[in-house]
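The values are calculated or read from the model by the stated rules, or taken from the named source; none is laboratory data. All values reported here derive from a predicted model rather than from experimental measurement. Positions of Cβ are generated from backbone atoms using ideal geometry, with glycine treated the same way; all protein chains shown enter the neighbour counts.
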Amino acid sequence: MLSAAHIQCTMEHTGLVRAFAPDPSVFQGEYLMEKLETTAGWSMPAPDEDWMQGHVHAVQDFIESAATGRSPRSDGRLGRDVVETIYTAYLSAAEGRRVEIRPRS
């Protein structure tokens, strides 16, 4: 019964569900999302966290690529590029300047 809560659903990848409870006892004992300190106030519960975060898809792709010999959809190069992009953004923000990412061959 949600007489003391509010729930909103959207069709977005992130923020699919938003929930509000004025007191932590409303959702006491319920898992809403990782690293949530309290269930009071607004939160963004993940209805199927592993699926929403892409874990199921990543494992499926790994198994299919290993079984069929095809290349995975993402590999170490993609991981390196993601880390480099994020680090460059942090560096740019910290130094207050534009930081170029050098092209790789």
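For region 85-102, a residue qualifies if it is of a type in the set (A, V, I, L, M) and surrounded by 10 or more Cβ atoms within 10 Å (Cβ to Cβ), and the qualifying residues are ILE86, ALA89, LEU91, ALA93, VAL99, ILE101.
So, GLU37, is that one surrounded by 11 or more Cβ atoms within 10 Å (Cβ to Cβ), acidic (Asp, Glu) and out of contact with any Phe, Trp or Tyr (no Cβ under 8 Å at 6 or more places or on another chain) or not? No; evaluated as a whole, the condition is false for this residue. Of all residues in region 20-39, those that are under 13 Å from HIS6 (Cβ atoms) and either in a helix (DSSP H, G or I) or without any contact (Cβ under 8 Å) to a residue 12 or more places away in the chain (or both) total 2.
In region 67-84, is there at least one residue being surrounded by 12 or more Cβ atoms within 10 Å (Cβ to Cβ) and at pLDDT below 90?
Taking region 67-84 first, the residues surrounded by 12 or more Cβ atoms within 10 Å (Cβ to Cβ) are 72-74, 81, 84.
In the following step, the residues that additionally are at pLDDT below 90 were identified as 74.
Checking region 67-84: at least one residue is surrounded by 12 or more Cβ atoms within 10 Å (Cβ to Cβ) and at pLDDT below 90.
Under 8 Å by Cβ, and 6 or more places apart or on different chains, what pairs join a residue from region 89-105 that is without any contact (Cβ under 8 Å) to a residue 60 or more places away in the chain with one that is in a loop (DSSP other than H, G, I, E, B)? Close Cβ pairs (under 8 Å, with a partner that is in a loop (DSSP other than H, G, I, E, B)) amount to LEU91/VAL99; SER92/ARG98; SER92/VAL99.
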